[in-house]
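What follows is one structure encoded as C-alpha cells, with my remarks underneath.
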Amino acid sequence: MYGITSFHSSATTPRLINKVMADYLALESARIYRRLFVTRFSLLASVVGIAGLGLHWLSPFAAWSSVGLCAIPPSWAWIAELRYGRRLARRLQELSPRGLVVTSSVRKS
C-alpha cells in the first residue's frame, strides 16, 4: 500500500517545501542503501559462513563473529531509514495544522 501526500506549494514557504523534499529524498536514498546492504552483506555472510564453518577455513569463533559483523551495515542503514522517516513525518505534521496536507492510501495492483 502506498501513501500519497499532497499540499499546495503556494500555501507555504519555499524553504519548508525544500526541507520536505530533502527529507523525502534522504528517506528514499536510505531505503535504496538498506536494500543494497541487505542483499550484498547477506551474500557475503553466507560465503563467510560456508567457507568458515562448512570448509573449516576459519575457527568457529572467527566464522560466527564475521557473519555477525556482516549484520552491522544493514542495521545502520535500517536505523538511518527509521530516523529519516520520522523526520519526514515530523515535517509533514508541521504542515498538517495549517490544513495543507492531504494524505490518502492507494493499493498496489
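The values are calculated or read from the model by the stated rules, or taken from the named source; none is laboratory data. Here the structure is a predicted model, which means the values were calculated and not measured. A quick note on method: Cβ atoms are made from the backbone with ideal geometry, for glycine too, and the neighbour counts reach across all protein chains shown.
A few remarks follow.
- Some residue of the range 38-49 being among the charged types (D, E, K, R), under 19 Å from the mean Cα position of the chain (by Cα), at pLDDT 95 or above and under 30 Å from Phe7 (Cα atoms): no
- Unmet criterion (only one of (1) in a helix (DSSP H, G or I); (2) at pLDDT below 95; (3) of a type in the set (A, V, I, L, M, F, W, C); (4) surrounded by 14 or more Cβ atoms within 10 Å (Cβ to Cβ)) for Ala62: (4)
- Odd one out for Ser75, checked against (1) free of Cβ contacts under 8 Å to residues at least 24 places away in the same chain; (2) surrounded by 14 or more Cβ atoms within 10 Å (Cβ to Cβ); (3) in a helix (DSSP H, G or I): (2)
- Pairs with Cβ under 6 Å, 6+ apart, first in the range 15-37 and more than 18 Å from Glu94 (Cβ to Cβ), second small (Gly, Ala, Ser): Ala30/Ala80; Tyr33/Ala77; Arg34/Ala77; Phe37/Ala77
- Taking (1) crowded, with 16+ Cβ neighbours inside 10 Å; (2) modelled with pLDDT under 90 in turn, Thr13 satisfies each apart from (1).
- Taking the listed residues Glu28, Glu81, the one that is among the acidic types (Asp, Glu) and surrounded by fewer than 16 Cβ atoms within 10 Å (Cβ to Cβ) is Glu28, with no other qualifying.
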